[in-house]
Every structure is written in C-alpha cells, then in structure tokens.
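Written out below as structure tokens is the structure these notes cover.
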Amino acid sequence: MKTTTTSPLALASTADLTAAVEEARDEVGASFERFCLIAGLASLTQMLDEDAMALAGAPHARAADKPGYRWGHTKGSLGFHGGKVEVERPRVRSKTTGKELTLPSWKEAAEA
C-alpha cells in the first residue's frame, strides 16, 4: 500500500505559503531569543560564581586570604528585551565591615 508523502504546503496557495514562511520565521526568532537568554543566564551565573570565589573562596571553605565570606544566595532582576528576568546570585559579606560586597559581574549586568 502506498502512502502520500506530499506536504500540504506543496499544494497550498501563495498566500498560505507566505503565511507559513512568516510563522516559521517567527518560531525560529523566538527559539533563538530563548537560546540567547538561556546562554546569557548560564554565562552570567558562571561569572557570578567566579566573582564569589575570588572574594570569598570556595563554598564551605575557610579562606583567610579572602576579603569576604559567603552569605547564601538572593534573587535579583535584570533587564532583558524591555522586560525583567529573575536571576539568583551568590551573596558575599565583608569580613571587616559585615556589609555585602558587590559582585563585579552583577554590577556590570545591572548597569547595562
């Protein structure tokens, strides 16, 4: 028994084809935007972890040569395409003042 393998779009009108191409383009654009957001968040998360490592050392370690100590995580918002996206970031406090130290990567991202 033979089955039909012709796509319905092959028999569609020019208007239908144009609409299908526009829909596909929109889907690819949205997919690319999601990819950029996820890749950007992954990169920022890694940069924030590296900042915390530089300021306080490894998690659960006693780093006498570092200016701060880890103080959990907090959530913050960053702008993305006219909206906001929530990001979890590590917190580091100063050993001398007890005040929170600014993570350089967070400061850069928040100012952009």
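The values are calculated or read from the model by the stated rules, or taken from the named source; none is laboratory data. Quantities reported herein were computed from a predicted structural model and do not represent experimental measurements. Note that we place each Cβ from the backbone using ideal geometry, even for glycine, and neighbour counts take in every protein chain shown. Quick note on the areas: whole protein, heavy atoms, side chains included, nothing else; ligands and nucleic acids left out. Shrake-Rupley method; radii C 1.70, N 1.55, O 1.52, S 1.80 Å.
Remark: pairs (first residue in segment 67-79, aliphatic (A, V, I, L, M); second residue modelled with pLDDT under 95; Cβ separation under 6 Å; 6+ apart in sequence or on different chains) = 78/85; 78/87; 78/109. Taking the criterion of being at pLDDT 90 or above and either loosely packed, with under 11 Cβ neighbours inside 10 Å or acidic (Asp, Glu) (or both), the residues of segment 69-83 that qualify are 72, 75.
Conditions tested, residue by residue: (1) touching a Pro at 6+ places or on another chain (Cβ under 7 Å); (2) aliphatic (A, V, I, L, M).
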{"position": "33", "(1), (2)": "no, no"}
{"position": "42", "(1), (2)": "no, yes"}
{"position": "52", "(1), (2)": "yes, yes"}
{"position": "57", "(1), (2)": "no, no"}
{"position": "69", "(1), (2)": "no, no"}
{"position": "82", "(1), (2)": "no, no"}
{"position": "96", "(1), (2)": "no, no"}
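Candidates 48, 37, 55: the one that is under 10 Å from the mean Cα position of the chain (by Cα) and within 19 Å of residue 110 (Cβ to Cβ) is 37. For segment 44-58, give me the residue count where each residue is out of contact with any strand residue (DSSP E or B) (no Cβ under 6 Å at 6 or more places or on another chain), surrounded by 12 or more Cβ atoms within 10 Å (Cβ to Cβ) and assigned to a helix (DSSP H, G or I). The qualifying residues number 8. Answer yes or no: is there a residue in segment 59-68 that is assigned to a strand (DSSP E or B) and open to solvent by 40 Å² or more (accessible area, probe 1.4 Å). So far as segment 59-68 goes, no, none of its residues is assigned to a strand (DSSP E or B) and open to solvent by 40 Å² or more (accessible area, probe 1.4 Å).
Would a scan of segment 27-35 turn up a residue that is in contact (Cβ under 8 Å) with a residue 24 or more places away in the chain and either touching a Gly at 6+ places or on another chain (Cβ under 8 Å) or of a type in the set (A, V, I, L, M, F, W, C) (or both)? So far as segment 27-35 goes, no, none of its residues is in contact (Cβ under 8 Å) with a residue 24 or more places away in the chain and either touching a Gly at 6+ places or on another chain (Cβ under 8 Å) or of a type in the set (A, V, I, L, M, F, W, C) (or both).
Restricted to segment 84-96, and to residues there that are of a type outside the set (A, V, I, L, M, F, W, C) and within 13 Å of residue 55 (Cβ to Cβ), the residue that is most open to solvent (accessible area, probe 1.4 Å) is 96.
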